[in-house]
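The values are calculated or read from the model by the stated rules, or taken from the named source; none is laboratory data. Keep in mind that what you see is a predicted model, and the values were worked out from it rather than measured. Using ideal geometry, Cβ is built from the backbone for each residue, glycine included, and neighbour counts are taken over all protein chains shown. What goes into the accessible areas is simple: the full protein's heavy atoms, side chains included, and nothing from ligands, DNA or RNA. Shrake-Rupley method; radii C 1.70, N 1.55, O 1.52, S 1.80 Å.
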Amino acid sequence: MTPYLPTSLIAQHPNWHYADFECRAFQISAELQQRQLRSVTVWLEDGATLACLLLGAWHANVRVLFPPNFTEESIQWANDYSELWLTDRDIKLEKCEQISQFGITQDWEKIAKNRPLFDFSNQTEIWLKTSGSTGEAKTIIKTAEQMWLGGEVLAEGLPFTAENNITAISTVSIQHIYGLTVHIMMSLVNGWQIGRKQLFYPECIMQEANKSQSAVIVSSPAMLSGIDWQQMKIAENIVGIISSGGALAEELSEQIRAKIHHPVIEIYGSTETGPIAIRDDISLWRQLPNSQLGSNEQGELWIEGVWLAKREQTADVVEFEENGFRLLGRADRIVKIGDKRISLLGVETALNKHEFIEDCYIAQHPEKSRLAAWIGLTEQGIQFFREKGRRALIHKLKLFLEHSQEKAAIPRFWRFTYQLPRNSQSKINKLEFNRTCLETCKDAIWLEQSKNENSQISTGIVPLDLVYLKDHFAEFPLVPGVIELQWISEKIKTFFGKEVIIRSFDKLKYQTFLRPNDRFDIQLKWDSSKNRMAFQLLANNETCCTGLAIIEHEDHPTDC
């Protein structure tokens, strides 16, 4: 543990020195104690503020809840188990207060200082609710002591110095265990400055790094894979990168290391276990200090560590070697197809090497005994889809897999999109995958809509998985004209806010094809004097379809 001096910086922009940080934490503690609160829910975007609140809450023996999102289920969970929300966002919830106003009038020097602010044996709890990406959400309980120990073991195991001139800059959420342990706890242990905001764009990462004397980036494969490491101008102040939430692809890992010439450390762990192991190249994972690893009869890894209350059994199948271990995939990611054991991770790794594949997720079809692939295509892959069609693309990908995979490992079912909907921990929701496999895609992906008294513009994207593309036409997929009219009709009903009868379409004209992945606008203009709606569908600055929809007047219905 590297202690902060009173003049040490906790954060910058604006500068926050430790003396003021400590005072603020004691103010929060005093307010919590005076109001006799036992449990609070937090949703903070400022990492330094979260560190301050967390220390203040622990000092007051107040439990802290971390919801993963703002779904009804998560909000209800927080309301059931806590008495107050504290936030730095404009959130409309009952019993919710702004952290900037909380406890600012408290004279903290009058409260009993029965323990220091940094109390490493504190048993106050934090509760973390998992997002339920595998189908079932859980509540994980950690003590302050366990969080401190998790931060300490990483500070000891990672090759970074404990200096106050280093700033932890994060692209991951501090509402989850990874961001909490690395961005918050390890920074406090090392005496680092804490980057205030979660960053979502590569340019923002570099701008923030350039504001620091030295920066360690706390990130994920999802973010790191979205950076063009060949072209991106890397901030000279970056002294290392930490990644978790999945393994870095081999090629990406080598690209980053060659570019920054500083350590790139991957952390393997989970919400239940905290950190388990690290690696600084693409080979073996190494266990952390003060821990023991082993496997059960099924080859699934278990861990015992000083930051854990008991042995934690994972569902990850491992293979131990002399200097570490290899991850073979989750037990539920190793499936038996026929009489063959198939590693779903192995199939994903192989597919991700194809130039058409940006991202992929492989799992057993929810109703069939064969594999299904959910594919996020690159621009090159989308272009091939548009030029050659779905069948040709699937055929090409199957041929590619035949070089490295057994026949049983080649997916039978395929779904395509321009981007997989991974969450902030780079995970795919299994329920969403199942729904994608089972439901037929018949509608556009609607992005936005604007409306005034007499006009409306709706913007959408043609899904790659649109069912009408499959055979229309096999080698040149396009949206049938009748489907364009169907979408236009639905938007006309949206304009009126009710069901209306379209008596006829006049002056209907098709000019340009609407193709897979096209972004398009449906523009409507209402002429009440003639009871007709002029419509125009445009894509890529070209007109695809125009016409007039004659609306049956409610007072004068057409005779049958």
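Which of the following residues is under 20 Å from Leu5 (Cβ atoms), touching a residue at least 40 places away in the same chain (Cβ under 8 Å) and of a type in the set (Ser, Thr, Tyr): Ser187, Ser173? Even if it seems obvious, please write down each step before you answer.
Values: Ser173 fails: under 20 Å from Leu5 (Cβ atoms).
Answer to the selection: Ser187.
The requirement of being open to solvent by 20 Å² or more (accessible area, probe 1.4 Å), in contact with a strand residue (DSSP E or B) (Cβ under 8 Å, 6 or more places away or on another chain) and not in a strand (DSSP E or B) is not satisfied by Asp359.
Of the listed requirements (1) closer than 26 Å to Ala372 by Cβ; (2) open to solvent by 40 Å² or more (accessible area, probe 1.4 Å), Pro477 misses just one: (2). Being free of Cβ contacts under 8 Å to residues at least 60 places away in the same chain and hydrophobic (A, V, I, L, M, F, W, C) is the requirement here; does Ile337 meet it? Answer is no for this residue. Just for region 371-393: of the residues that are touching an Asp or Glu at 6+ places or on another chain (Cβ under 8 Å) and among the polar types (S, T, N, Q), which one is least open to solvent (accessible area, probe 1.4 Å)? Among them, the one singled out is Thr378. Of the listed requirements (1) surrounded by 18 or more Cβ atoms within 10 Å (Cβ to Cβ); (2) in contact (Cβ under 8 Å) with a residue 40 or more places away in the chain, Arg532 misses just one: (2).
Reported count of residues in region 442-473, each being open to solvent by less than 40 Å² (accessible area, probe 1.4 Å), farther than 28 Å from Lys525 by Cα and part of a loop (DSSP other than H, G, I, E, B), is 2.
Of all the listed residues (Lys368, Lys396), the sole one being surrounded by fewer than 18 Cβ atoms within 10 Å (Cβ to Cβ) and in a helix (DSSP H, G or I) is Lys396. If you go through region 480-503 and keep only what is closer than 15 Å to Cys544 by Cα, without any contact (Cβ under 8 Å) to a residue 40 or more places away in the chain and surrounded by fewer than 19 Cβ atoms within 10 Å (Cβ to Cβ), you end up with Pro480, Val482, Gln486.
For Phe26, indicate whether it is surrounded by fewer than 20 Cβ atoms within 10 Å (Cβ to Cβ) and either farther than 19 Å from Thr181 by Cβ or in contact with a Leu (Cβ under 9 Å, 6 or more places away or on another chain) (or both).
On the way: surrounded by fewer than 20 Cβ atoms within 10 Å (Cβ to Cβ): no; either farther than 19 Å from Thr181 by Cβ or in contact with a Leu (Cβ under 9 Å, 6 or more places away or on another chain) (or both): yes.
Considered against the rule, which asks whether it is surrounded by fewer than 20 Cβ atoms within 10 Å (Cβ to Cβ) and either farther than 19 Å from Thr181 by Cβ or in contact with a Leu (Cβ under 9 Å, 6 or more places away or on another chain) (or both), Phe26 comes out as no.
Determine whether region 166-173 contains at least one residue that is farther than 26 Å from Leu65 by Cβ, in contact with a Gly (Cβ under 6 Å, 6 or more places away or on another chain) and modelled with pLDDT under 95. So far as region 166-173 goes, no, none of its residues is farther than 26 Å from Leu65 by Cβ, in contact with a Gly (Cβ under 6 Å, 6 or more places away or on another chain) and modelled with pLDDT under 95. Out of the residues in region 14-37 meeting the condition of being within 31 Å of the chain's Cα centre (by Cα) and touching a residue at least 12 places away in the same chain (Cβ under 8 Å), tell me which one is nearest to Ala60 (Cα to Cα). Per the stated criteria, the residue is Ile28.
Just so you know, in region 311-324 the residues that are open to solvent by 70 Å² or more (accessible area, probe 1.4 Å) and among the acidic types (Asp, Glu) include one that is nearest to the chain's Cα centre (by Cα), and it is Glu319. For region 227-248, the set of residues classified as polar (S, T, N, Q) and within 25 Å of Leu154 (Cα to Cα) consists of Asn237, Ser243, Ser244, listed by residue number.
With respect to the conditions (1) at pLDDT 95 or above; (2) assigned to a loop (DSSP other than H, G, I, E, B); (3) closer than 17 Å to Ser187 by Cα, Pro3 lacks only one, and its number is (1). Scanning region 408-441 for residues that are buried (at least 16 other Cβ atoms within 10 Å of the Cβ) and of a type in the set (Val, Ile, Thr) gives Ile410, Thr417, Ile428, Thr436.
Applying the set (1) part of a loop (DSSP other than H, G, I, E, B); (2) in contact with a Ser or Thr (Cβ under 8 Å, 6 or more places away or on another chain); (3) aliphatic (A, V, I, L, M) to Val318 leaves exactly one unmet item: (1). Can you name the residue in region 325-347 that is in a strand (DSSP E or B) and aliphatic (A, V, I, L, M) and is also surrounded by the most Cβ atoms within 10 Å (Cβ to Cβ) among such residues? Looking at residues that are in a strand (DSSP E or B) and aliphatic (A, V, I, L, M), I get Ile342.
Counting residues that are open to solvent by 20 Å² or more (accessible area, probe 1.4 Å), out of contact with any Lys or Arg (no Cβ under 7 Å at 6 or more places or on another chain) and more than 19 Å from Leu180 (Cα to Cα), which helices (runs of 4 or more DSSP H) fully inside region 191-305 reach at least 3? Per the criteria, 202-210, 250-260.
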